[in-house]
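The block underneath contains the structure these notes are about, expressed in structure tokens.
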Amino acid sequence: MAEHKVFENFGRVGTPTPVPQKNAPFRMGAVSGVGHVDAGLTGVASNLAALAGARLREPGAPDLLVGALPFDRKADGFLLVPETVYQNDSDVLTSASAVPEHDARSTLSFSEVPPRAHYADAVAQALIAITAGEVDKVVLARTLDVTGPQVFDIAELVTRLAADASTMLYCLPLPDPGATLVGASPELLVSRSGRVVRSHPLAGSARRRRDADADRSAAAGLEASAKDAHEHALVAEHVRDILAPFCRKLSRIEAPKLSATPAMWHLGSMIEGELKDPDTPVLDLTAALHPTPAVCGSPTNAADAAIARLETEPRGFYAGAVGWTNERGEGAWHVTIRCAVVRGAMARLYAGAGIVAGSDPMSEADETAAKFGTLLAAFGLSPRLLLQGANR
Ligand SMILES: C=C(O[C@@H]1C=C(C(=O)O)C=C[C@H]1O)C(=O)O
């Protein structure tokens with residue numbers, strides 16, 4: 001398999017490079033390759049489908065485009081033109097087990113932005129807005145800055161993240177020079193294959209435990225929680241409502257099912273439909289769905305305003321969408337979560353949690369700490385690093 005060829009060069013992405021980043025390696029689930037950001041392929045989500053369609057129909061066009069959309073619907077996303085694409089049968093790199101475990105605590109420094117107490121204050125503010133009836137759900141995020149002694153080895157991060165087959169691994173250069181987006185998303189925003197459209201929204205979370213009994217009871221607690229059921233229903237119903245006008249058949253919302261990554265338990269709903277128009281571009285569906293209440297809140301505009309008021313750090317590409325599309329407008333786009341933006345020896349990790357009536361500020365701070373765990377582990381740090389005392 002030609003896969004390893006790309007990865008031999010992968011480490012170079014982390015090295016600060018001059019503008020623009022040409023010929024940068026990317027990875028999107030089972031698809032990897034080398035590509036470049038084409039100036040003609042940037043724009044807001046609702047315009048990208050037409051741009052992608054036109055580009056993919058040009059003579060000599062690539063089979064697919066990969067790209068990312070930011071959280072902000074008014075900000076530009078981009079598509080990458082692959083020069084080389086490798087398609088793998090599996091999302092798991094064969095070399096995944098070759099990277100040794102290591103403890104990087106002594107060599108890396110990290111800083112929570114904002115610190116957990118400030119984040120808990122923002123959650124308390126969101127709860128006031130919820131009680132006042134201004135909004136039903138707000139997803140509040142925070143960041144964790146990790147600094148290393150030398151430029152981070154992106155290939156190593158990717159290889160560690162790839163060990164988890166339950167998530168969609170992604171790694172691609174951002175338009176911001178020298179910045180690479182890397183992550184492992186458990187959440188399918190939307191995929192289209194022929195007439196079939198699927199979405200697997202997640203909302204409602206509990207941290208995985210090392211002890212098997214404690215882990216099972218964390219999962220059982222999540223399944224039994226009325227607060228989490230409500231938090232989940234807001235997302236699943238939103239996704240179904242948005243997809244309904246596009247579909248001639250659409251599955252009903254049933255009780256959510258448990259879904260797991262090594263770091264987290266989630267409630268998930270598989271929503272599947274048949275499109276009225278079999279040519280609906282996946283990017284049109286992505287533009288219609290983004291942002292769901294899984295990363296923004298409900299109602300969308302009120303939640304957006306609360307986020308702008310209560311979060312201190314720009315989200316950039318975090319909580320956006322990342323994926324691919326082909327000439328037929330098929331493809332798959334995942335929610336850009338469990339990710340970091342890496343620039344040389346610095347990485348910014350992102351995590352958020354859905355706030356609804358009944359949320360507790362300290363538990364939500366813990367939930368974001370646990371969600372950092374996916375990337376922390378890839379950096380060789382304990383996923384429990386940021387948890388307080390007894391919660392570790
Ligand atoms: C916002 C994030 O995750 C989202 C929020 C969840 C929740 O609040 O329970 C669960 C899964 C994701 O939809 C994140 O990981 O940063």
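The values are calculated or read from the model by the stated rules, or taken from the named source; none is laboratory data. These figures come from a predicted structure and were not determined experimentally. Every residue, glycine as well, gets a Cβ built from its backbone with ideal geometry; the counts of neighbours run over all protein chains shown. SASA here: full protein model, heavy atoms, side chains in, ligands and nucleic acids out. Shrake-Rupley method; radii C 1.70, N 1.55, O 1.52, S 1.80 Å.
Computed values, structure above
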item	result
One residue from 305, 287 being open to solvent by 50 Å² or more (accessible area, probe 1.4 Å) and assigned to a helix (DSSP H, G or I)	305
Tally, over the stretch 151-176, of residues that are among the polar types (S, T, N, Q) and under 17 Å from residue 336 (Cα atoms)	2
Filtered residue count, the stretch 68-87, keeping only those that are open to solvent by 70 Å² or more (accessible area, probe 1.4 Å) and within 20 Å of residue 305 (Cβ to Cβ)	3
Residue list for the stretch 21-36, filter: touching a Phe, Trp or Tyr at 6+ places or on another chain (Cβ under 9 Å) and either open to solvent by 50 Å² or more (accessible area, probe 1.4 Å) or among the hydroxyl-bearing types (Ser, Thr, Tyr) (or both)	32
Which numbered condition residue 293 misses (of (1) in a strand (DSSP E or B); (2) within 12 Å of the ligand (Cβ to nearest atom); (3) not β-branched (Val, Ile, Thr))	(1)
Selection count, the stretch 352-392, where residues are hydroxyl-bearing (Ser, Thr, Tyr), within 14 Å of the ligand (Cβ to nearest atom) and touching a helix residue (DSSP H, G or I) at 6+ places or on another chain (Cβ under 8 Å)	3
Failed condition for residue 199, given (1) surrounded by 24 or more Cβ atoms within 10 Å (Cβ to Cβ); (2) more than 14 Å from the ligand (Cβ to nearest atom); (3) among the hydroxyl-bearing types (Ser, Thr, Tyr)	(2)
Search result, residues across the stretch 142-197 that are within 27 Å of residue 45 (Cβ to Cβ) and among the charged types (D, E, K, R)	142, 176, 187, 192, 195
Which listed residue, of 56, 48, is crowded, with 21+ Cβ neighbours inside 10 Å, at pLDDT 90 or above and under 26 Å from residue 328 (Cβ atoms)	48
Pick from the stretch 102-141, criterion assigned to a loop (DSSP other than H, G, I, E, B) and among the β-branched types (Val, Ile, Thr), ranking: modelled with the highest pLDDT	135
Residues (at pLDDT 95 or above and touching a strand residue (DSSP E or B) at 6+ places or on another chain (Cβ under 7 Å)) located in the stretch 208-224	218, 219, 221, 222, 223
Per-region count, the stretch 322-351, residues open to solvent by less than 10 Å² (accessible area, probe 1.4 Å) and within 12 Å of the ligand (Cβ to nearest atom)	6
Leading residue by the ranking (least open to solvent (accessible area, probe 1.4 Å)) among those in the stretch 269-284 that are away from the ligand (no atom under 16 Å from the Cβ) and part of a loop (DSSP other than H, G, I, E, B)	280
Candidate set: the stretch 308-335, residues that are touching a Phe, Trp or Tyr at 6+ places or on another chain (Cβ under 6 Å) and in a loop (DSSP other than H, G, I, E, B); chosen: the one farthest from residue 185 (Cα to Cα)	315
Which numbered condition residue 266 fails, given (1) farther than 30 Å from residue 54 by Cα; (2) more than 16 Å from the ligand (Cβ to nearest atom); (3) of a type outside the set (Lys, Arg)	(2)
Failed item in (1) over 24 Å from residue 167 (Cβ atoms); (2) at pLDDT 95 or above, with residue 327 passing the rest	(2)
Residues of the stretch 227-252 that turn out to be within 16 Å of the ligand (Cβ to nearest atom) and either open to solvent by 10 Å² or more (accessible area, probe 1.4 Å) or over 12 Å from residue 354 (Cα atoms) (or both), as a count	12
Out of 185, 193, 166, 217, sole residue that is surrounded by fewer than 16 Cβ atoms within 10 Å (Cβ to Cβ), in contact (Cβ under 8 Å) with a residue 60 or more places away in the chain and within 29 Å of residue 349 (Cβ to Cβ)	166
Residue match in the stretch 291-299 (condition: in contact (Cβ under 8 Å) with a residue 60 or more places away in the chain and open to solvent by 30 Å² or more (accessible area, probe 1.4 Å))	yes
Search result, residues across the stretch 114-132 that are over 15 Å from residue 358 (Cβ atoms) and not basic (Lys, Arg)	114, 115, 117, 118, 119, 120, 121, 122, 125, 132
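Residue-wise test of (1) without any contact (Cβ under 8 Å) to a residue 40 or more places away in the chain; (2) within 15 Å of the ligand (Cβ to nearest atom); (3) open to solvent by 60 Å² or more (accessible area, probe 1.4 Å); (4) of a type in the set (Gly, Ala, Ser).
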| residue | (1), (2), (3), (4) |
| --- | --- |
| 111 | yes, no, no, yes |
| 118 | no, no, yes, no |
| 123 | no, yes, no, no |
| 130 | no, yes, no, no |
| 135 | no, yes, no, no |
| 138 | no, yes, no, no |
| 142 | no, yes, no, no |
| 147 | no, no, no, no |
| 155 | no, no, no, yes |
